[in-house]
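Student: Sharing a structure here in structure tokens format.
The values are calculated or read from the model by the stated rules, or taken from the named source; none is laboratory data. Since the structure is predicted, the reported quantities are computational estimates derived from the model, not experimental observations. Note: ideal-geometry Cβ built from the backbone for every residue, glycine included; neighbour counts use all protein chains shown. Heads up: the accessible areas ignore ligands, DNA and RNA and are worked out on the full protein's heavy atoms, side chains in. Shrake-Rupley method; radii C 1.70, N 1.55, O 1.52, S 1.80 Å.
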Amino acid sequence: MKHLLKLGDLTPAELLHILDVADEWKRLHRAGQDPQDLKGKSIALIFGKNSTRTRTSFEVGIYQMGGLGTYLNAGTELQIARGEPIQDTARVLGRYYDAIVYRTFKQSDLEALAAWSGVPVISGMTDYAHPLQVLADLMTVRAHKGRLAGLKAGFIGDGYNMANSLITGCLAVGMEVTAACPKGYRPAADVLQRAAGAGGRFTLTEDPAAAAAGADVLFTDVWASMGLEREAENRRRDFAGYQISAPLLALAAPGCLVQHPLPAHRGEEITNEAMEAHAAEIFEEAENRLHVEKAVLSVLLAGR
Ligand code: CP
């Protein structure tokens, strides 16, 4: 594993190894024994979109492992914002930093950074994928259920970056996945094509109840992701009913978990009642971003 650009690049063994390292790093952090895998190493954190969790968890996690994280705002500070080509930025930062985390819009820009920088590049989220979030989700689900293979996952909402990564990640670890997305908001074609080869473990539907039925874990995401705010009004109409709520949860398996990447829009993709009833596992999911990111850095930079 040279980079983490999308979950489809990982073998199931590589994905599960990251979760194993993350579990161990969480245990060691609780014991006050963070591994110093990043001692003397510097990580660039380039953000072209807003962030609360991804930015802060990387900054804190890098500090805990003895390294330096530099936050760089691609929208207002870096020369990228004034037109410097990504391949030039990549070749400069790759000479200063040991790894680069990049949150941007186009997956092709992330891939260009990886191709030109000469150092490991980690997706901080693109319009196509959010691999770190799904690694944290799987870590959380496994901690609660004791396994991943054979579990039933339901996704309700936009077939966007979270859906793409959830379908890919959940199928890779042997879960069954039913994704309920409105007409016109289907997941990416390549994700659906790969999912079709998962031995009948994937179903795409427009019916949220079908995704909730018998689910061991229900996932959702906001109706209008970053960069799509202009579509918010139309999306409120198109996504009506694609909401995790008490009636939908009543269709799920007993003890069904709810996972939300946050920030949540209560009253849209999740009710306030469902959000608060499942706050424990949702905020544990947010915490696990920290442990997963430390694990990914350890795998990429310290050969763990
Ligand atoms: N889930 C997530 O990526 O959160 P931020 O946008 O706050 O980083």
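Student: For the range 33-38, take each phi angle, set θ = phi - 60°, evaluate the Karplus expression 6.51 cos²θ - 1.76 cosθ + 1.60, and give the result in whole Hz per residue in order, putting x for glycine and proline.
Tutor: Karplus-based 3J(HN,Hα) across the range 33-38 equals 10, 4, x, 8, 5, 10 Hz.
Student: Give me, ordered by chain and number, the residues 5 or more places off Leu257 or on other chains with an amide H under 5 Å from its own placed amide H.
Tutor: Result for Leu257 returns Val217, Leu218.
Student: Can you report the principal axis dimensions of the range 99-189 using only the alpha carbons, biggest first, rounded to whole angstrom?
Tutor: 39, 34, 15
Student: Moving to a separate point now. Just order 89-98, 72-81 by mean Cβ neighbour count inside 10 Å, highest at the front, would you? Show your work: numbers first, answer last.
Tutor: Working: 89-98: 17.7, 72-81: 14.5.
Per-residue Cβ counts within 10 Å, averaged per peptide and sorted highest first, yield 89-98, 72-81.
Student: Give me the percent of accessible area attributable to carbon and sulfur for the range 131-285, probe 1.4 angstrom.
Tutor: About 52 percent, which is the carbon plus sulfur part of the accessible surface.
Student: Could you calculate the contour length gain from Thr203 to Tyr63, that is, 0.36 nm times the residue separation minus the distance between their Cα atoms, to one decimal place in nm?
Tutor: 46.2 nm
Student: Same structure again: In the Gaussian network model of the chain, springs joining C-alpha atoms below 10 Å, which of Arg235, Arg147, Arg82 carries the largest mean-square fluctuation?
Tutor: Arg82
Student: While we're looking at this one, here's another question. Can you list the residues, at least 5 places off or on another chain, whose amide H is less than 5 Å from the amide H of Ile244, using H built in the peptide plane?
Tutor: Close amide H contacts, sequence-distant or interchain: Ile270, Thr271.
Student: Follow-up. Using C-alpha positions alone, give me the convex hull volume of the chain per residue in cubic angstrom.
Tutor: Numbers: hull volume 36.8 nm³, N = 304.
Output value, Cα hull per residue: 121 Å³.
Student: Once you place label points 7 Å from the Cα toward the Cβ at Gln87 and Asn50, how far apart are they in nm?
Tutor: 3.5 nm
Student: Read phi for every residue in the range 261-277 and hand back ³J(HN,Hα) as whole Hz from Karplus 6.51 cos²θ - 1.76 cosθ + 1.60, θ = phi - 60°, with x for Gly and Pro.
Tutor: x, 6, x, 8, 10, 4, x, 10, 6, 8, 7, 4, 4, 5, 4, 6, 5
Student: Please state, to two decimals, what the Cα-based radius of gyration of the range 131-285 comes to when divided by 2.2 N^0.38 Å (N = residues).
Tutor: On the way: Rg = 14.0 Å, N = 155, 2.2 N^0.38 = 15.0 Å.
Compactness ratio reported: 0.94.
Student: Find how many whole Å separate the alpha carbon centroid of the range 42-98 from the alpha carbon centroid of the range 229-304.
Tutor: Here the two parts' Cα centres lie 25 Å apart.
Student: Taking a cut-off of 14 Å between Cα atoms, list the aspartates and glutamates near Lys183, but don't count ones fewer than 8 places away on the same chain.
Tutor: Result set, ordered by chain and number: Asp158, Glu206, Asp207, Asp238.
Student: Taking only protein heavy atoms into account and a 1.4 Å probe, give the accessible area per residue of the chain in Å².
Tutor: Heavy-atom accessible area per residue stands at 41 Å².
Student: Here's a follow-up. How big is the dipole moment of the range 131-285 about its Cα centre under a simple scheme where the beta carbon of each Lys and Arg is +1, that of each Asp and Glu is -1, and everything else is neutral? Debye, nearest 20, please.
Tutor: Result for the range 131-285 is approximately 420 debye, rounded to the nearest 20.
Student: Among Met226, Met162, Met175, determine the one that fluctuates most according to a GNM of the chain built with springs between C-alpha atoms less than 10 Å apart.
Tutor: Met226
Student: Select from Ala240, Ala22, Ala129 the residue whose mean-square fluctuation is largest in a Gaussian network model of the chain (Cα-Cα springs shorter than 10 Å).
Tutor: The residue with the greatest mean-square fluctuation here is Ala240.
Student: So, one more: Can you order the peptides 254-261, 105-112, 191-198 by their average number of other Cβ atoms within 10 Å per residue, highest first? Walk me through the numbers before you get to the answer.
Tutor: Working: 254-261: 20.2, 105-112: 17.5, 191-198: 15.5.
Descending mean neighbour count gives 254-261, 105-112, 191-198.
Student: Karplus couplings for the range 227-238 from phi (6.51 cos²θ - 1.76 cosθ + 1.60, θ = phi - 60°), rounded to Hz, Gly and Pro as x?
Tutor: Rounded to whole hertz, the list is x, 10, 4, 5, 8, 4, 5, 4, 5, 4, 6, 5.
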